[in-house]
Structure formats: C-alpha cells, structure tokens
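Step one of this worksheet: look at the structure below.
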Amino acid sequence: MNGPVGGPTAALSLLAVVLLAVGGLHGLSRLLRVSAQPLSAVPFGSGLEPAEHAVSRFHVRWYTVTMLFLAFDMEMVFMYPWTLVISAVGPGAVIEMFVFLGILFAGVTYAWREGALRWT
C-alpha cells in the first residue's frame, strides 16, 4: 500500500511534523519564560522556617506509623465497595470482611505490643 495515504513516507512525515511542533513549543517556552534563575525564597512550610534539610532522614518509628496508615487506608478501600454489594453476595461477604478486619486488628495489636505507638 504505497499510495498517497500510507507507507513509510507518511509515517516519517508525521514524525517530522511532531518533532518540529515539539521543538517549536520548547523554543517558544524558552523565549516566553519569566526568569531563568531559580527562586531564592525558601519553601513555605506552615509559616515556619525549615528546621532541617528537605531530604534529611526520618526516624525509623515513622515507618511503622506509615504502615499502620496504609493498612487502615486499604481497609477503607475494600470496605466501601463491600458495603455496596453485601446484599447481593450474602453471608460469605460478611465472613470474608470479618476475617480481613481480624488480620488488620492482629497487625495493630502486634504494633502496639512492640511499642510502635509509644512516642516517648
């Protein structure tokens, strides 16, 4: 199919047009930008000056708190659709959800027992 519509010439022409358009937009953005220099202001963090560097290390206890948050976040992700289909699925859905909640509760109990929720 080497007619006027198809073939490698059409594909290469389309690629050239796209590359010219992207290059033109990039050049236009360089001409119209306000400042080439980075801003000298510090980032706004609730009105306070930063106490440490932005990529400094966090205490290891935040890992456990993050995992607990994700566990409860996933609980909500699964519970909302469950509430919509519980009547159609039947008692099996109730049993599955309570098993899921039991696993989450076991994880929270383990974290509590290990002292992950103590801040002192």
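Quick rundown of the values:
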| quantity | calculated |
| --- | --- |
| Length added when fully stretched, Val89-Arg61, from 0.36 nm per residue minus Cα-Cα | 6.1 nm |
| Amide H within-cut-off set for Ala116, under 5 Å, with H built and near neighbours excluded | none |
| Calculated Rg and Dmax of the stretch 66-105 using C-alpha coordinates, Å | 10.8, 34 |
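Bear in mind that the values in this text are calculations on the coordinates, not laboratory data. Here the structure is a predicted model, which means the values were calculated and not measured.
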